[in-house]
Structures are given as structure tokens and as C-alpha cells.
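Have a look at the structure below, then the notes.
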Amino acid sequence: MEPGEIPVLIISEDTIPRAYERAIKEVWEKGASIKTEYDHPEDPPSKDATVVIIVRQPFGQPRFHRSFADGLGGLAEYVMEVVHGAHDYWVKPVEEILKGKESKDTRWTYTYHGRLFEYRIEDKVINQIGYMIDKLSQTGYSRRAQAITWNPKLDPPTDDPPCLQRLWGRLCEDGKGGYVFNLNSHWRSRDLFKAWFENVIALTTLMRKIAEALADKTGKNVRLGRYVDISDSLHIYGSYFKEIEGDPKKGIRSFFETLESRSFEERTWDSEFIKPHFIDDGLGKGLRRMLEREKDMPQNVRRAIEEELRLMEKKDYVV
Amino acid sequence: MTLFEQIADEVQKGHSDSVAELVKEALSQGIPAEEVMNKGLVSGMEIVSEKFKNNEIFIPEVLISARAMNAGLAILKPLLVESNIQPKGKVVIGTVKGDLHDIGKNIVAMLLQGAGFDVIDLGADVPKEKFLEFVKKEKADILGMSALLTTTMLYMKEMVEALKNEGIRQDVKVIIGGAPVTESYAAQIEADGYAPDAASAVDLSKRLLEE
């Protein structure tokens, strides 16, 4: 790669944890050194690449890696945020968002659910996921079933605009009278080491919800196809380098040494192990605790999460 | 393996049910609650904390161990209160007003608890009034504040000022942390300490109470 050129990496694996580990290794080894807006002045430049990641079995087991920046209850709450809009009520009013960096209101400027399910344009509110489901159930092979997040009026002035840009889905015949639902997600920018895994758990859960809705609408079996994750800038921040490299003098292992010191089973969890922690992690997080804690959550969202809780309590439901 | 070692081992593995059973067994053998806590639960969490510091285990694993420790602590707490056993120190902790990020703060709280501190976790988006109320009511030795945003970090300064205005600044050590926070910011707002990560926050708290 010539100086100044951004590497393009393509990774294809069966499961999410396998893809995650390989992506970290490849971006670490092959990524370009580029300064980002979030690096501290004393930090080394981030490792950065354009990366296409294919996960052939989004619900293949083990589905959960043990290395991510939250607890299991916190991860469950994040999934509810993306899939059911649990935190859409944390978003500040448009007039505050438009103040950009001058705004003193520290509430959020967007949520993915808000943008995907309630995209606001002029005086309209558009459910883009609803559109994808309608479109694909009528014309499965359509190339128009997509949902965007970027708002060119609201996002440029803010410090933290959405990383996810677009979802694109397509329904293909499986040759046995049913369908396969394929999903692509497109990202402007992405923190590989501390956000990618949680993003993908949430988006593949949303992928399954869309597939279920498509099965309902078409009356046919819809199985999940591959999930493809495309990031313009997939990066490992300079501030994480100490964690990745470790410090042999102080006996601190590198991230890769930690991976190598354990079997794949010892660095992952399957969905069955995760489920009780998603319901209640025993530390104040998880679906049950979230419903107790967040009194201001709108009733319709509360009902959706209660339904999710009921599903999770069923033996055969896979998270 | 002794019973204490078994408790410590089950804490490390994150087996809540086994920890609770073993703690009950230890109590039924007449072992004092304080000893079960220190030689079993705290000892197990100290190993977890050390492994985390050395990058040997991951954040969710620390939290699963903390859950197991809590299962044991829940049984011991009433007995510890009855026998008037004092913790290493009392820490009031929270993420500052306007900030809803709490994972870093949660890990610090768990590791402090695992190191034998009594931790009162006020959660996220905590206003000054609530911090002040609990620092006074609980006679806290340490106030820990976390922020993930550059905008909310500024609230830490307001909080230090609020402690001064209430005339209780000298009664409590203030420690701060979070992604945008730096040592120089801690010095600038006259906090007593800054920790770049959760394990360092435990070391810092111990050190401050020894001063």
C-alpha cells in the first residue's frame, strides 16, 4: 500500500466472535496510522482501514465474545435501545440539536432506532424499517429496501453524529419454497475494539426481527442469510494501544496473548449462557432491571420490552 | 482446597449459586461473617481485579464475578451490620449530571466493593444535590465521579465547588475518572486524585485513605 492510501480489508467468517477477532488482528496488523478527531494529543494515531466483514451465520454459536466494553445486562439494554427504541426519549429536541456545540443540553442527538424507525423529514415521520418490510414482502428481489440514518441538517453541527449510515436488505428465494433474508450495514466510522461487537449483536437481532416480520407478511419461511458489515473507517483508537500491546515489564498481557492463552470456547459464550444475564445481570442491569429503573420510558416501548422479556423466558428462544 | 479457597474460586468463575451455598456452609460451621467476607469473597475479587489489571480477563467476566461476590455479600451483610464490622472505607460514586454512561463507573464500584469498601452507587446522571446528600448522610470517605463526555466533565468542577460551599470539602476525598478526564484536569479542579482505569481507582482509593 502506498503512503496515504487507506487499506481495504475483507473478512469472512462463520460467526460473530470469529469475525470480531480476525478484524481486530487484521486492522491492528494492516491498518494505516491515521489521526482521528477523538484521539488525545498524547495518543498515537489510530489504526484504520476500510473493512468489509461477512458473518455467514449471524446466530451461529457461540455468538458472544467475552471482550467488549460493557456487562451482559448493559449489552441487553443496548439491544433494546436499537431494536425497540428504549432510549429514544433521551434524545433532545431539534432546536437544541441545531445549536450544535453551543447546546448546553447534554441529552443525545439521535438514536439508531429513532433514525431507522422514525426518521423526521420536513413535517413527516417515516418508519424506514416498516418500508423495508413492506417493500421486500411485495418484491423480495427489490434493490430499494434500505433505511438511512444521516440527517444533513442535524448531524454536521454535532460532535457525535451517527456512525451507522444505512441498512440495505434483500429477500432471495431459497429454492425450497422459502426465502433467505440478507442484510448489509454501512458505517461511516467505527470503533472496532469497543463498539463493533455490541453494534453487531444489536443489528443482527434487528435483522432477525425484520426476517420474522417478512415471514409473517409473506406466509413463507424466511431464514437468515449472511450479515455484511461495511465500514469506511474501522479503527482501533490510539488510546487503546496500551490495552492491545500490554506491558511485558509489568506483567500485563497483550490482547492477543490473552486470546492465545484460552481456547475459543473460553473466550466466548453461547446464547444459552447469556440469556439469564440479559434478563437480569444481578448488578442492576438487564431487561427486568431496565423496566424497573427507567420510569419515564414510553408505554409502547415498555410493552415491547416486556414482550421481549416474555420471549427470553421461553426455553427455546435464542438471544 | 479450603472452604475459603473454594469461595474465592467460585467468585472468580462467576458462579453465584455456588458462592451463596458455600457462604452459608461457612457460616453454619461457625466461621465469623467478617472472615468469610475477607478470606473468601474479597480474596476472590482481589484475584479477579489483579487478572483484570493484567489484561488476563475481560470486562464482562469481571462483572459476572462481581455478581457472584454480591450473592455472597447479600447473605453476610446483615451479620456484618449486626456485629458492627467496619468496611475499609465508604465511597459514594456516580456518573455526573447530564451523562448517562455508566460502565466505567460500574466497574470501579464493583472492584472497590471487591476490595472491601462499602460502596454507595448513585447511578448515572447524578445531580449535585444528590451527591451532597449522600456524602453527608453516609459520612463518605471518598466521592468518586465519572464522566464520558467533555461537556459533562465540567460538572465535576461544579461539584468540587459545591462541596466547598457546603463546608465539607476537607471531610471527603474526591476522585475522578472517565475517557476525557486527565490528571491535569483533576489538579485544575482540585480533586484529590485521578485514575485512568478501574484497577488504578482501587489503588488510588486505598492510598488516599492511608494518607
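Quick notes
- The spacing between segment A:170-186 and segment A:251-319, judged by their C-alpha centroids, is 28 Å.
- Bridges between two residues of chain A, per DSSP, are antiparallel at a rate of about 60%.
- Whole-angstrom gap from segment A:22-70 to segment B:141-189, using each part's C-alpha centre: 32
- Sequence ranges A:93-99, A:37-43, A:195-201, A:134-140, ranked by mean other-Cβ count within 10 angstrom, highest first: A:195-201, A:134-140, A:93-99, A:37-43
- Per-residue mean of C-beta atoms belonging to partner chains within 10 Å, peptide A:67-78: 4
- Which listed pairs, of A:194/A:250; A:250/B:105; A:47/A:104; A:285/B:128; A:104/B:206, have C-alpha distances above 27 Å, in listed order: A:47/A:104; A:104/B:206
- Kirkwood hydrodynamic radius of segment A:1-108, Cα pairs, Å: 17.3
- Equivalent-ellipsoid semi-axes for chain B (Cα gyration tensor, √(5λ), whole Å, largest first): 31, 18, 13.
- Straight-distance crosslink candidates among lysines, where the alpha carbon sits under 20 Å from residue A:315 and sequence neighbours closer than 8 are dropped: A:209, A:275
- Choice from B:112, B:143, B:22 with maximal GNM fluctuation in chain B (Cα, 10 Å cutoff): B:22
- The dipole here belongs to segment A:91-225: it is taken about the Cα centre, uses +1 on the Cβ of Lys and Arg and -1 on the Cβ of Asp and Glu, and is about 380 debye.
- Counting only other chain Cβ atoms within 10 Å of each residue's Cβ, the peptide A:251-259 averages 3.
- Restraint check, A:99/B:97; B:39/B:139; B:39/B:164; A:220/A:314, Cα-Cα greater than 32 Å: B:39/B:164
- log10 of Debye I(q)/I(0), alpha-carbon scatterers only, for segment B:1-75 at 0.15, 0.23, 0.24, 0.25 Å⁻¹: -0.41, -0.90, -0.97, -1.04
- Cβ neighbours within 10 Å from other chains - mean over B:59-69: 6
- About the Cα centre, charge dipole magnitude for chain A (Lys/Arg +1, Asp/Glu -1 at Cβ), debye: 840
- Computed over segment A:31-85, the range of Cα coordinates on each principal axis works out to 36, 26, 23 Å, biggest value leading.
- Debye, to nearest 20: dipole size of segment B:1-98, +1 on Lys, Arg Cβ, -1 on Asp, Glu Cβ: 520
- Among A:12, A:23, A:36 the positive-end extreme of the charge dipole of segment A:2-52 (Cβ point charges): A:12
- Debye log10 I(q)/I(0) for the protein assembly as shown, one point scatterer per Cα, at q = 0.09 Å⁻¹: -0.70
- For chain B, the longest principal axis of the alpha carbon atoms and the long axis of helix B:59-82 meet at an angle near 80°.
- Summed side-chain charge close to residue A:18 - residues other than residue A:18 whose Cβ falls under 12 Å, Lys, Arg +1, Asp, Glu -1: +2
- Helical runs (DSSP H, four residues minimum) scored at -39500 (n - 2.57) apiece and divided by the length of chain B put the mean residue ellipticity at 222 nm at -17500 deg cm²/dmol.
- Residue among B:92, B:160, B:135 with the largest mean-square fluctuation in a Gaussian network model of chain B, springs linking Cα atoms under 10 Å: B:160
- For segment A:92-184, alpha-carbon Rg over 2.2 N^0.38 Å: 1.34
- Across A:185, A:142, A:103, mean-square fluctuation computed from a Gaussian network of chain A (C-alpha pairs under 10 Å connected) peaks at A:103.
- Stokes-Einstein D in µm²/s, Kirkwood radius over Cα pairs - segment A:199-316 at 10 °C with 1.306 mPa s viscosity: 86
Here, each number is a calculation from the coordinates, and none is a lab measurement. Note that the structure is predicted; figures quoted are calculated from it, not measured. All Cβ positions, even for glycine, are placed from backbone atoms using ideal geometry, and neighbour counts span all protein chains on display.
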